[in-house]
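The values are calculated or read from the model by the stated rules, or taken from the named source; none is laboratory data. Owing to the predicted nature of the structure, the values given are computational and were not obtained by experimental measurement. When we count neighbours, we look across all protein chains shown, and the Cβ atoms used for this are built from the backbone with ideal geometry, even at glycine.
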Amino acid sequence: MQMDWFPLWLSLEVATIATALSAFAGVWLAWLLANRMFPGKDVVDAVTALPLALPPTVLGYYLLTVLGRNSWIGRAWENITGSPIVFTASAAVIAAMLHAIPLLVKSTRAALESVDHDFERAGRSLGASEWRVFWRISLPLARRPLAAATALAFARSLGDFGATLMIAGDIPGRTQTAAVAVFDAVESGNTAAARWMVLAISAITILLVFLSNRLERRRHA
């Protein structure tokens with residue numbers, strides 16, 4: 001039987017894009033929460049962590065409500081691109097980001113808060129801007145935990161199921177990711193396809209977790 005590897009390649013593509021976008025947004029938000037006091041900071045922190053606690057189907061419902069064709073965001077996207085955002089690969093990226101960003105924010109914030117702030121104060125005393133202090137001092141000192149968090153975020157994006165199924169759907173050759181393909185294969189009794197897909201996802205995830213653990217150990221060493 002010929003194995004259809006499209007869902008795995010799509011998942012890898014979705015996870016790569018989602019992790020890259022999440023790293024950009026997550027690091028900025030983590031820095032903001034770690035270094036600034038502002039009204040509503042606790043609310044922002046709680047909302048950021050919410051996807052880790054809510055059921056995936058609830059997250060999927062929120063995404064459908066916010067990004068569906070009846071929402072202003074959905075209508076604006078369709079006016080600009082000519083197609084709806086739901087039931088596309090872009091929707092799968094958004095669903096994956098919803099789980100990746102909280103992991104990156106929590107881990108990166110903890111890393112930035114544990115940085116020796118004497119180095120940052122020394123940089124500021126020499127006239128460095130906040131951006132330069134962050135880019136040249138804070139970020140290099142936190143690079144190992146950030147890399148470990150990025151690896152875990154990629155693994156989490158790779159295996160998203162509930163929210164992805166609700167907002168991106170299950171369209172073979174278009175939006176069917178690896179996790180959704182496993183569900184489909186089991187439902188249809190195609191155990192061989194499910195087995196190979198599960199093994200592939202498990203191997204990639206084990207490698208990413210191993211890499212994350214190595215980075216964390218080197219940080220503490």
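When region 138-163 is filtered for residues that are without any contact (Cβ under 8 Å) to a residue 40 or more places away in the chain, part of a helix (DSSP H, G or I) and among the aliphatic types (A, V, I, L, M), only LEU141 remains. Whether a residue is in a helix (DSSP H, G or I), of a type in the set (Asp, Glu) and more than 19 Å from VAL133 (Cα to Cα) was assessed, and ASP4 does not pass this test. Contact map, region 195-210: residues that are at negative phi and in contact (Cβ under 8 Å) with a residue 24 or more places away in the chain paired with residues that are of a type in the set (A, V, I, L, M) and in a helix (DSSP H, G or I), Cβ distance under 6 Å, separation 6+ or inter-chain. Pairs shown: MET197/ALA178; MET197/ALA181; MET197/VAL182; ALA200/LEU8; ILE201/ALA178; THR205/ALA155; LEU208/ALA151; LEU208/ALA155. Condition check: surrounded by 14 or more Cβ atoms within 10 Å (Cβ to Cβ) and out of contact with any helix residue (DSSP H, G or I) (no Cβ under 8 Å at 6 or more places or on another chain). Does ASP160 satisfy that? Answer is no for this residue.
The set of residues in region 63-83 that are of a type in the set (Ser, Thr, Tyr) and either surrounded by 13 or more Cβ atoms within 10 Å (Cβ to Cβ) or over 20 Å from LEU165 (Cα atoms) (or both) comprises SER71, THR81. Annotation: ALA203 fulfils all but one of (1) modelled with pLDDT of 90 or more; (2) of a type outside the set (Val, Ile, Thr); (3) within 30 Å of VAL58 (Cβ to Cβ); (4) part of a helix (DSSP H, G or I); the unmet one is (3).
Report the residue count in region 15-62 for those that are aromatic (Phe, Trp, Tyr), surrounded by fewer than 14 Cβ atoms within 10 Å (Cβ to Cβ) and part of a helix (DSSP H, G or I). Let's see the steps before the verdict.
Taking region 15-62 as the starting set, the residues that turn out to be aromatic (Phe, Trp, Tyr) are 24, 28, 31, 38, 61-62.
Retained after the next criterion (residues that are surrounded by fewer than 14 Cβ atoms within 10 Å (Cβ to Cβ)): 24, 28, 38.
Checking which are part of a helix (DSSP H, G or I) leaves us with 24, 28.
Total meeting the criteria: 2.
Condition check ((1) under 26 Å from THR16 (Cβ atoms); (2) in contact (Cβ under 8 Å) with a residue 12 or more places away in the chain; (3) of a type outside the set (S, T, N, Q)) across all residues:
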site	(1), (2), (3)
TRP28	yes, no, yes
ALA34	no, yes, yes
THR48	yes, yes, no
LEU54	yes, no, yes
LEU59	yes, yes, yes
GLU78	yes, no, yes
PRO84	yes, yes, yes
ALA92	yes, yes, yes
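Has region 133-151 got any residue that is within 30 Å of PRO84 (Cβ to Cβ), hydrophobic (A, V, I, L, M, F, W, C) and in contact with a Ser or Thr (Cβ under 7 Å, 6 or more places away or on another chain)? No, every residue in region 133-151 fails to be within 30 Å of PRO84 (Cβ to Cβ), hydrophobic (A, V, I, L, M, F, W, C) and in contact with a Ser or Thr (Cβ under 7 Å, 6 or more places away or on another chain).
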